[in-house]
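What follows is a single structure, written as structure tokens, with notes after it.
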Amino acid sequence: MTELRDPSHVAGEPEPAGRDARWVALYVLCVGMLMIVLDVTVVNVALPSIQNDLHFTTSSLAWVINAYLIAFGGLLLLAGRFGDLIGRRSVFLAGVGLFTAASLLCGLAQSQTWLIAARFVQGIGGAMTSAVILGMIVTMFPEPREQAKAIGVYAFVASAGGSVGLLAGGVITQAIDWHWIFFVNIPIGAVTAALAARLLHRDAGIGFGKGADVPGAVLITSALMLGVYTIVKPAAEDGWGAGTTLALGAISLVLLGAFLAREATARTPLVPLRIFRSRNFVVANLIQVLSVAGMFGMFFLGALYLRRVLGYDALQIGLAFLPVSVTMGFLSIRYSERLVTRFGARNALAPGLALIVVALVLFAQAPVHASYIVHVLPSMLLLGIGAGVCFPALMNVAMSGTGPEDAGLASGLVNTTAQVGGALGLAVLATLSSSRTHSLIAHGHGSVAALTGGYHLAFWIAAGLAAAAIVAVPAVLARPPAPGHGPIADAEPVEPEAVLSANVSEDNEQVLAGR
């Protein structure tokens, strides 16, 4: 069989031996992604210990999370485009190095300001690392079947890592100390960087002359950072109708509009607007915003339900969510490639999303005195199966209409919509859940029953968001894109023989719910 060469390979450089080297490189990339994904939920579980040790107030504690999210969400798009311009390998290695160094600073933090500043830097490193990974995967694996399998592995890590972080955070915080949730990143980051430098081919990028748009970079980064800040701070604490929320949201939208106007007229735009001509890319990102918004809210508020209603501790919550990771991983790694190749990515999206809807509807009916086996486990299993089928297909659809020169940008945009969708969904669902709880208490319900009622409302809305994502699926093109613009997202079915976080403390709920 003819050997496939990495499209990013520089002539004259030795290639890693055979196809297996690319799979080892994929696993290295996924370890880097896992380190980023785990960080959010691991820190959430450790927040009560951090608060006690560094004497944070409830409101200031939120900035341990917010500082990271603002830098991370605000720089994903810019980092992805920089990967196209100067080389995705270079951006990935710089991001891993920065994230690892910032993790050391976080672990050594002895004051609130120190920790928050280090978390902001950590968010920058996280954005640089994760923004280019999907772009590297689609260029490393241009063959349809292999790419489907590779993206399945990536989707599992990106989607299931959060629930694994709940377990890891509980174990580390209870067995050692909160400082070690950051220290463990240091050897992982060092090994990841060393292996990535050896296994990933140097890609020179298309050069700054093809997209060195400084005004555009300032506008989009400012718009995204301000938008994420608006979601995680005034919207979550003061409400969506508050004057500060509306004013900052309006400014963010004005900056975004100015950015789009700039890109439409710039000679060398940072973000060529041609990428939005791909219907698959636009629809896939819309589906991702809706589905991730629902799932993020379910993970966070579901953890609070297990803690505050059923009385689980941090370790038990991590174990409770473990079936999601196990089923998602089993399907993503073993079967998603076969499903996507056999039926096409579009045909895999709707069933996967439908299972997520059913899981959320079942969770929305879990009672005050729920049994894990009867009321919780079925939802976890269905959620894992649905996500294991849906998200690998969604990644394929999102990347199907972009060429190699825009793969980093597309990767950054996919990650950006996931982060913004997750932050938006969490803020909305937490606010509505809290309002419902207060209303039930005011009408004479007990505190536990009122909490359960608030969580139920959030789960019903999350199910509605996932159902809305299903409505968008028919807009995905049924035929493949032009040659060279994505492998399999819309491929026609082939014959069978051709197929081979959460913080669980009351304090953090009050911060996010605006109490």
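Among the residues of segment 48-101, count how many are of a type in the set (Ser, Thr, Tyr) and touching a helix residue (DSSP H, G or I) at 6+ places or on another chain (Cβ under 6 Å). Don't jump to the end; show me each part of the working.
Going through segment 48-101, the residues of a type in the set (Ser, Thr, Tyr) turn out to be 49, 57-60, 68, 90, 100.
Checking the rest, the ones that are also touching a helix residue (DSSP H, G or I) at 6+ places or on another chain (Cβ under 6 Å) come to 49, 58, 68, 100.
Within segment 48-101, residues that are of a type in the set (Ser, Thr, Tyr) and touching a helix residue (DSSP H, G or I) at 6+ places or on another chain (Cβ under 6 Å) number 4.
Of the conditions (1) farther than 16 Å from residue 148 by Cα; (2) at pLDDT 80 or above; (3) part of a helix (DSSP H, G or I); (4) touching a Leu at 6+ places or on another chain (Cβ under 8 Å), residue 381 fails just one. Which one is it?
Answer for residue 381: the failing condition is (4).
Taking the conditions exactly as written (among the β-branched types (Val, Ile, Thr), crowded, with 24+ Cβ neighbours inside 10 Å and at pLDDT 80 or above), does residue 361 satisfy them or not?
On the way: among the β-branched types (Val, Ile, Thr): yes; crowded, with 24+ Cβ neighbours inside 10 Å: no; at pLDDT 80 or above: yes.
No: the conditions fail for residue 361.
Just one of the numbered conditions (1) outside any helix (DSSP H, G or I); (2) more than 25 Å from the chain's Cα centre (by Cα) is not true of residue 240; which one?
Exception for residue 240: condition (2).
For segment 342-351, state whether one or more residues are over 24 Å from residue 308 (Cα atoms), assigned to a loop (DSSP other than H, G, I, E, B) and out of contact with any helix residue (DSSP H, G or I) (no Cβ under 6 Å at 6 or more places or on another chain). Steps first, please.
Initial filter on segment 342-351 (over 24 Å from residue 308 (Cα atoms)): 342-351.
When the remaining residues are screened for being assigned to a loop (DSSP other than H, G, I, E, B), the result is 344.
Right, trim to out of contact with any helix residue (DSSP H, G or I) (no Cβ under 6 Å at 6 or more places or on another chain) and you get 344.
There is at least one residue in segment 342-351 that is over 24 Å from residue 308 (Cα atoms), assigned to a loop (DSSP other than H, G, I, E, B) and out of contact with any helix residue (DSSP H, G or I) (no Cβ under 6 Å at 6 or more places or on another chain).
Test residue 107 against the criterion of being part of a helix (DSSP H, G or I), crowded, with 20+ Cβ neighbours inside 10 Å and either basic (Lys, Arg) or in the same structural domain as residue 64 (by TED's automatic domain parsing) (or both), and give yes or no. It would help to see each step written out before you state the result.
Numbers: part of a helix (DSSP H, G or I): yes; crowded, with 20+ Cβ neighbours inside 10 Å: no; either basic (Lys, Arg) or in the same structural domain as residue 64 (by TED's automatic domain parsing) (or both): yes.
So residue 107 fails the test.
Let me spell it out: the conditions are (1) part of a helix (DSSP H, G or I); (2) farther than 30 Å from residue 380 by Cβ, and residue 269 meets all of them except one. Which number is the exception?
Of (1) part of a helix (DSSP H, G or I); (2) farther than 30 Å from residue 380 by Cβ, only one is false for residue 269: (1).
Residue pairs, Cβ under 6 Å, 6 or more apart or interchain, first in segment 179-205 and in the same structural domain as residue 138 (by TED's automatic domain parsing) and on the phi < 0 side of the Ramachandran plot, second crowded, with 21+ Cβ neighbours inside 10 Å and not in a helix (DSSP H, G or I). List them.
203/87; 204/87
Does residue 291 fit the bill of being in the same structural domain as residue 465 (by TED's automatic domain parsing) and either at pLDDT 90 or above or within 19 Å of residue 164 (Cβ to Cβ) (or both)? First the steps, then the outcome.
On the way: in the same structural domain as residue 465 (by TED's automatic domain parsing): yes; either at pLDDT 90 or above or within 19 Å of residue 164 (Cβ to Cβ) (or both): no.
For residue 291, the condition - in the same structural domain as residue 465 (by TED's automatic domain parsing) and either at pLDDT 90 or above or within 19 Å of residue 164 (Cβ to Cβ) (or both) - is not met.
I'd like to check something: does segment 252-269 contain any residue that is of a type in the set (Asp, Glu) and outside the structural domain of residue 392 (by TED's automatic domain parsing)? Before you say what the answer is, go through the steps one by one.
Taking segment 252-269 and keeping what is of a type in the set (Asp, Glu), we get 263.
Filter once more, keeping what is outside the structural domain of residue 392 (by TED's automatic domain parsing): 263.
Yes, segment 252-269 contains a residue that is of a type in the set (Asp, Glu) and outside the structural domain of residue 392 (by TED's automatic domain parsing).
From the list 25, 17, exactly one residue is modelled with pLDDT of 80 or more and closer than 25 Å to residue 92 by Cβ. Which is it? Break it down into steps so the answer makes sense when it comes.
On the way: 17 fails: modelled with pLDDT of 80 or more.
Exactly one of 25, 17 is modelled with pLDDT of 80 or more and closer than 25 Å to residue 92 by Cβ, namely 25.
What's the number of the only condition in (1) part of a helix (DSSP H, G or I); (2) surrounded by fewer than 24 Cβ atoms within 10 Å (Cβ to Cβ); (3) not basic (Lys, Arg) that residue 46 fails to meet?
If we test residue 46 against (1) part of a helix (DSSP H, G or I); (2) surrounded by fewer than 24 Cβ atoms within 10 Å (Cβ to Cβ); (3) not basic (Lys, Arg), just (2) comes out false.
Please find, among 118, 102, the residue that is in contact with a Cys (Cβ under 6 Å, 6 or more places away or on another chain) and either surrounded by fewer than 24 Cβ atoms within 10 Å (Cβ to Cβ) or more than 22 Å from residue 291 (Cβ to Cβ) (or both).
Details: 102 fails: in contact with a Cys (Cβ under 6 Å, 6 or more places away or on another chain).
Answer to the selection: 118.
Kindly indicate whether any position in segment 156-170 is touching a Phe, Trp or Tyr at 6+ places or on another chain (Cβ under 7 Å), in the same structural domain as residue 43 (by TED's automatic domain parsing) and modelled with pLDDT of 75 or more.
Going residue by residue through segment 156-170, those that are touching a Phe, Trp or Tyr at 6+ places or on another chain (Cβ under 7 Å) are 159, 162-163, 166.
When the remaining residues are screened for being in the same structural domain as residue 43 (by TED's automatic domain parsing), the result is 159, 162-163, 166.
When the remaining residues are screened for being modelled with pLDDT of 75 or more, the result is none.
Scanning segment 156-170 turns up no residue that is touching a Phe, Trp or Tyr at 6+ places or on another chain (Cβ under 7 Å), in the same structural domain as residue 43 (by TED's automatic domain parsing) and modelled with pLDDT of 75 or more.
The values are calculated or read from the model by the stated rules, or taken from the named source; none is laboratory data. If you're wondering where the values come from, they're calculated on a predicted model, not measured in any experiment. Here the Cβ is made from the backbone with ideal geometry for all residues, glycine too, and neighbour counts use every protein chain on show.
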